[in-house]
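Encoded as structure tokens, the structure appears first; notes follow it.
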Amino acid sequence: MERLIPALEALFNDHRADDGALFDGLCQSLIGLGLPLWRDVMQFPMLHPLYLGHTLYWWRDQGVSIMPRPHGFEESAEFLESPYKASLDRDGPLRVHLMDLDDPGLPLLRELKAKGGTDFINALIPAHGMITPGVSWTSDAPGGFTENDIALLTSLTSFLGPPFALRAERRTVRIMLETYLGAGPGKEVLGGAVQHGDTRKIEAVILQTDLRGFNAKSLAWPPSDLLAALDAYFEAVVDAVHYRGGDVLKFIGDGVLAVFPVDVEVTAPTAARNAMVAIQRAFADLDESNRKLRARWGGEPLTMAASLDIGSVVYGNIGGRSCLDFTVIGPAVNRGSRILDHAKNVGRPVVVSAAINDLLGDGLQPLGTHQLDGLNEATALFANQDKS
């Protein structure tokens, strides 16, 4: 252990390294000390609306990969029949000589043996929380681990909790910010844009969506059906926006505000095309969700309207001193909101500004020039002819 301490100190004190880099460095350090490591795995919990935790995988010839584990994974056969679960049940380490393996209840160990594994250790990492972290070490050396190897790995386990818990917490913070604010705003906040008035001007395509006739549905539908329908609609829009590189900034009732920033890597025409493709995908996904909801409880389908505009907007923290919102404001946002109202009034699925039509250049249908509420100048509008 004394030979490992200098390497561990350097690794654990490198606060720029995430948990994947830390795990890779740890495994490489152990290899450097002569331990016959072949495959190592670490399980850590995380706070996330979709995921229970994440698993770090390390293979000697592949390095590190990270797999998120969804809520409900703890009820899956993969978890219930895992060596990690066996360690949790016995509240202690598990050592298996794979060459002597005859336990039919641990399919992962049979798989490792078939691939050339010879020895396996699973240990629990001391840590506070609802789920105990774990780590496993696998060897493919002919004789497996020596007693000195076992002693080193066993003593090492008690040191792994704090450095990996810290990085797991950082991962959780980053993911939670991305979940609640969006990928771009989450990155901004994590990078230090946390003060009131931390804003900057950006050029962006503004996408706004809303549901038609939702107020009537909200009065007529049971709350459980209403929430299921709303979740399906929001999921369709959010997934489509993220798929094309945009950020969803907020939900306003049944409305969605999203941006596709223009920068040195994404030109204005590209941002406009990405936004239009996102709208088309959202409509398609919402159609599929409507079919599932009708089959489930026979409700009326949700119908959506969308608008697109582009312009310079203020992007950042806006609000009171103790309650901030990361959003965008500017004429393009206001104009896009009025365009969305027009789309709902005339029954068009998607209506865009003249600026967006010029960027797309794909022959959208002219709707003429309209004096929209709250705007000083008449606005030329264009629409796609269908929603697909």
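The values are calculated or read from the model by the stated rules, or taken from the named source; none is laboratory data. Not measured: the values here are computed from a predicted model. Counting neighbours? That spans all protein chains shown, and the Cβs are built from the backbone with ideal geometry, glycine included. The protein model used for the area step is the full one, side chains on, heavy atoms only, and it has no ligands, DNA or RNA in it. Shrake-Rupley method; radii C 1.70, N 1.55, O 1.52, S 1.80 Å.
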Applying the selection to segment 334-357, what residues are of a type in the set (A, V, I, L, M), in a helix (DSSP H, G or I), open to solvent by less than 20 Å² (accessible area, probe 1.4 Å) and closer than 24 Å to Gly213 by Cβ?
Ile339, Leu340, Ala343
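Taking the residues in segment 81-140 that are acidic (Asp, Glu) and over 27 Å from Asp24 (Cβ atoms) as candidates, determine which candidate is surrounded by the fewest Cβ atoms within 10 Å (Cβ to Cβ).
Ranking the qualifying residues of segment 81-140, first place goes to Asp102.
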Can you tell me which residue within segment 255-277, out of those that are at pLDDT below 90 and not β-branched (Val, Ile, Thr), is nearest to Gly336 (Cα to Cα)?
Asp263
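For (1) of a type in the set (A, V, I, L, M); (2) modelled with pLDDT under 90; (3) touching a helix residue (DSSP H, G or I) at 6+ places or on another chain (Cβ under 7 Å), each residue gets a yes or a no:
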| site | (1), (2), (3) |
| --- | --- |
| Ala282 | yes, no, yes |
| Met304 | yes, no, yes |
| Ser307 | no, no, yes |
| Cys323 | no, yes, no |
| Ile329 | yes, yes, no |
| Gly363 | no, yes, no |
Restrict the check to segment 196-204 and report whether at least one residue is outside any helix (DSSP H, G or I), at pLDDT 90 or above and open to solvent by less than 70 Å² (accessible area, probe 1.4 Å).
yes
Hey, Ile329 hits all of (1) open to solvent by less than 80 Å² (accessible area, probe 1.4 Å); (2) within 33 Å of the chain's Cα centre (by Cα) but one; which does it fall short on?
(1)
State all residues of segment 207-256 that are open to solvent by less than 50 Å² (accessible area, probe 1.4 Å), free of Cβ contacts under 8 Å to residues at least 60 places away in the same chain and of a type in the set (D, E, K, R); if no residue qualifies, say none.
Asp254
What residue, among those in segment 274-315 that are within 22 Å of the chain's Cα centre (by Cα) and either part of a strand (DSSP E or B) or among the small types (Gly, Ala, Ser) (or both), is surrounded by the fewest Cβ atoms within 10 Å (Cβ to Cβ)?
Ala284
Starting from residues that are touching a Leu at 6+ places or on another chain (Cβ under 9 Å) and at pLDDT below 90, keep the ones in segment 111-131 and report whichever is farthest from Leu166 (Cα to Cα).
Ile131
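Conditions (1) among the aromatic types (Phe, Trp, Tyr); (2) part of a loop (DSSP other than H, G, I, E, B); (3) over 20 Å from Thr157 (Cβ atoms), marked per residue:
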| position | (1), (2), (3) |
| --- | --- |
| Thr55 | no, no, no |
| Val64 | no, no, no |
| Arg69 | no, no, yes |
| Glu74 | no, no, yes |
| Phe79 | yes, no, yes |
| Asp89 | no, no, no |
| Gly92 | no, yes, no |
| Glu111 | no, no, yes |
